[in-house]
Amino acid sequence: MRVAVLSLIEAGGGDPAALRGYLPIGGRSVLRHQIGLALSLNAKRIVVMAEAISGELVAMQHVTEAGGAQFHVVPTVRALVPLIAPEDDVIVLADGLLAMPDALHDLVDSGPVVLTLPIEPALPLGFERIDLNNAFAGVMRFAGRIAAGLADLPPEWNPQSALLRLAIQGRIAQRSVPAALLDDGRWSLVRDEQEAQVAERRWLRLHTRLSGDGAITPGEHLAKMAVNRFGPALLHAGTRPSLLGLAAGVIGLLGGGAGWLGQLTVGFVLLGLAWLVAQVARLLGQVERASLLASGLARRSVALFHLLIDGGFVTLAGWGSSLSAAPSIPVGAAFFVPLVFMICTRLMPLALHAHRWTSWLSDRLVIGAFLAAVHLFLPLDVMLALSVIVLLGICVFSLQIGLDRSLPNGQPVASPNPQLTTRQ
């Protein structure tokens, strides 16, 4: 069985009543982050060293049990001994350690290890000294038999320090944590409220930076700026991504209502803003999933909302078309060109994914601003029809050019199965 040992003992700053493990990062305590790490490492038993039971620890127990693991709270190192069998695989996380899941997995998955840091940068950051050149990086993994030595120690010993000494005496291999992890915030020790605020800002920036998968469009850039600027306040206030998703839906409905009342320009803008708020919610949900805190917004619900936004653009553009007032035009014809235009904005990024500029067509804030400007200053029907022709023309031309370049000397590609394609 894999056992994770966490600590809730060290004071968080000058206030002895405040504990490091309760310091908030992204609206969740450091201890909650560590439980997510332990569950991601397939720990089946999580033991928290704490002097007393609290309401938050009870909540942690529910999270742990929902993740399929046992949860224990023990006050002393001796009480830890019966919970660790000699054949167990034990992972220890230091009090206040905040680490990115991928970095932690890369360092501990290979086997028993004591992770270290160079003494010069580590000591000022609060990491415990091991010897003249190395400091304990806050994570170790060893066989359960090592922990049997806790029974011979005085009960007042710090559990982390005691386990560290036993692991070193057991000649567990040491491995250095890359200093780059300290520099960019993927590995840190949070000791007080001020350090928690700094770590939180770096944590959010790191997650939003990692979430980029191509060219950054104006709407995506604004969404990341909003998460970095207002994300901590939203998360500390208990604003979950689902609530922001609900707000995006309300803004979208307001946009549809404005279009129904004839204010198409306002409607286009509000639909674009609804997409922007949904992007902020998606980013916050992605941060929570990557930090092993919660599921966040489901991808299917985000994709469905984007389809609804596109449907809103088609509906408003159809209402604003001059064709809808012509008696000889069939019902629904006014919506055809807007529908083809929105399909083109989805087709182009798929067909020409190598062209980074096509990602702008997926930015519904840009599309909303474009449609609003066209409705204000230009004939909407003509501009949408021209846009469809231009987009399809660019798509066909680019695909043809790419195909010509891929053929040697302009020769046709040989059939992969000539027996099925050659005439006898």
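Observations on the model:
- Yes/no for Leu276 being of a type in the set (A, V, I, L, M), surrounded by fewer than 17 Cβ atoms within 10 Å (Cβ to Cβ), under 16 Å from Leu308 (Cα atoms) and under 24 Å from the mean Cα position of the chain (by Cα): no
- Hits in segment 322-377 - residues which are among the β-branched types (Val, Ile, Thr) and either on the phi > 0 side of the Ramachandran plot or modelled with pLDDT of 90 or more (or both): Val337, Val340, Ile343, Thr345, Val366, Ile367, Val374
- If the condition is being open to solvent by 10 Å² or more (accessible area, probe 1.4 Å) and more than 30 Å from the chain's Cα centre (by Cα), then segment 125-147 contributes Glu128, Arg129, Ile130, Asp131, Leu132, Asn133, Asn134, Ala143, Arg145, Ile146.
- Picking from residues in segment 168-180 that are open to solvent by 10 Å² or more (accessible area, probe 1.4 Å) and touching a residue at least 40 places away in the same chain (Cβ under 8 Å), the one that is farthest from Leu37 (Cα to Cα) is Ile168.
- The residues listed here are Ile46, Ile91, Ile119, Ile84; of these, the one that is closer than 14 Å to Ser176 by Cα and either among the basic types (Lys, Arg) or modelled with pLDDT of 90 or more (or both) is Ile119.
- Selection status of Gly26, in contact with an Asp or Glu (Cβ under 9 Å, 6 or more places away or on another chain), of a type outside the set (Lys, Arg) and surrounded by 15 or more Cβ atoms within 10 Å (Cβ to Cβ): yes
- If you check Arg205, Arg165 for being among the basic types (Lys, Arg), buried (at least 16 other Cβ atoms within 10 Å of the Cβ) and in a helix (DSSP H, G or I), only one passes: Arg205.
- Selection of segment 131-146 for residues being in contact (Cβ under 8 Å) with a residue 40 or more places away in the chain and touching a Ser or Thr at 6+ places or on another chain (Cβ under 7 Å) yields Asn134, Phe136, Ala137.
- Scanning segment 184-202 for residues that are at pLDDT 85 or above, within 22 Å of Leu115 (Cβ to Cβ) and not in a helix (DSSP H, G or I) returns Arg186, Trp187, Ser188, Leu189, Val190, Arg191.
- Leu270 satisfies every condition listed in (1) open to solvent by 30 Å² or more (accessible area, probe 1.4 Å); (2) within 24 Å of Arg28 (Cβ to Cβ); (3) in contact with a Gly (Cβ under 6 Å, 6 or more places away or on another chain) except (2).
Listed here are the residues, each with its yes/no results for (1) in contact with a helix residue (DSSP H, G or I) (Cβ under 8 Å, 6 or more places away or on another chain); (2) of a type in the set (Lys, Arg); (3) open to solvent by less than 40 Å² (accessible area, probe 1.4 Å).
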site	(1), (2), (3)
Ser40	yes, no, yes
Ile53	no, no, no
Glu56	yes, no, no
Ala69	yes, no, yes
Pro75	no, no, no
Leu93	yes, no, yes
Leu98	yes, no, yes
His105	yes, no, no
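- A residue that is surrounded by 12 or more Cβ atoms within 10 Å (Cβ to Cβ), at pLDDT 80 or above and not polar (S, T, N, Q) cannot be found anywhere in segment 397-412.
- Yes/no for Pro232 being touching an Asp or Glu at 6+ places or on another chain (Cβ under 6 Å) and at pLDDT below 85: yes
- Pair list, Cβ under 6 Å, 6 or more apart: segment 340-361 residue without any contact (Cβ under 8 Å) to a residue 60 or more places away in the chain and of a type outside the set (A, V, I, L, M), other residue exposed (fewer than 14 other Cβ atoms within 10 Å of the Cβ) and in a helix (DSSP H, G or I): none
- So Ala334, is it touching a residue at least 60 places away in the same chain (Cβ under 8 Å) and either in a helix (DSSP H, G or I) or surrounded by 12 or more Cβ atoms within 10 Å (Cβ to Cβ) (or both): no
- Only residues that are small (Gly, Ala, Ser), closer than 24 Å to His105 by Cβ and not in a strand (DSSP E or B) were counted in segment 136-162, giving 2.
The values are calculated or read from the model by the stated rules, or taken from the named source; none is laboratory data. Not measured: the values here are computed from a predicted model. Here Cβ is always computed from backbone atoms with ideal geometry, including for glycine, and neighbour counts include all displayed protein chains. These area figures cover heavy atoms from the full protein model, side chains too; ligands, DNA and RNA do not enter into them. Shrake-Rupley method; radii C 1.70, N 1.55, O 1.52, S 1.80 Å.
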